[in-house]
Amino acid sequence: MLAKYEEKVKGLMDLGKSKRNKTLEYSEVVEFMAELNLSVEQIERLVNTLEKTGVDVLRISDTDDDLPF
């Protein structure tokens, strides 16, 4: 599972960096990683990792209904 996680993280970094403003929405991160069934804490650590690599993650949405907590 670790290899799959690392592959998905790299994919998210590439996706974020390919966007003009280098920004992902929180819901995009959650959807991209859905098959791995990560906990909220794991998603938050991932978001922090993305932000440290220069990919911003917007934690707001039109509604909060799509957030996992």
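The values are calculated or read from the model by the stated rules, or taken from the named source; none is laboratory data. Quick caveat, the model's predicted, so the values are computed rather than measured. Ideal geometry is used to build each Cβ from the backbone, glycine not excepted, and the neighbour counts take in all protein chains shown. The area values use the complete protein model at the heavy-atom level, side chains included, leaving out ligands, DNA and RNA. Shrake-Rupley method; radii C 1.70, N 1.55, O 1.52, S 1.80 Å.
Selection of segment 15-34 for residues being open to solvent by 20 Å² or more (accessible area, probe 1.4 Å) and assigned to a helix (DSSP H, G or I) yields Leu15, Lys17, Ser18, Ser27, Glu28, Val30, Glu31, Phe32, Ala34. Within segment 1-27, residues that are among the aromatic types (Phe, Trp, Tyr) reach partners that are assigned to a strand (DSSP E or B) and open to solvent by 60 Å² or more (accessible area, probe 1.4 Å) with beta carbons closer than 7 Å, at six or more positions or on different chains, in the pairs Tyr26/Leu58.
Within segment 35-58, take every residue that is of a type in the set (D, E, K, R) and farther than 17 Å from Ser18 by Cα and give me the one that is surrounded by the most Cβ atoms within 10 Å (Cβ to Cβ).
Let us first name the residues in segment 35-58 that are of a type in the set (D, E, K, R), namely 35, 41, 44-45, 51-52, 56.
Now restrict to residues that are farther than 17 Å from Ser18 by Cα: 35, 41, 44-45.
On the way: Glu35: 9, Glu41: 8, Glu44: 16, Arg45: 12.
Among them, the one singled out is Glu44.
Being out of contact with any strand residue (DSSP E or B) (no Cβ under 8 Å at 6 or more places or on another chain) and either part of a loop (DSSP other than H, G, I, E, B) or surrounded by 12 or more Cβ atoms within 10 Å (Cβ to Cβ) (or both) is the filter here, so list the residues in segment 1-14 that pass it. Even if it seems obvious, please write down each step before you answer.
Looking only at segment 1-14, we keep the residues that are out of contact with any strand residue (DSSP E or B) (no Cβ under 8 Å at 6 or more places or on another chain), and these are 1-11, 13-14.
Answer for segment 1-14, where residues must be out of contact with any strand residue (DSSP E or B) (no Cβ under 8 Å at 6 or more places or on another chain) and either part of a loop (DSSP other than H, G, I, E, B) or surrounded by 12 or more Cβ atoms within 10 Å (Cβ to Cβ) (or both): Met1, Tyr5, Lys8, Val9, Gly11, Met13.
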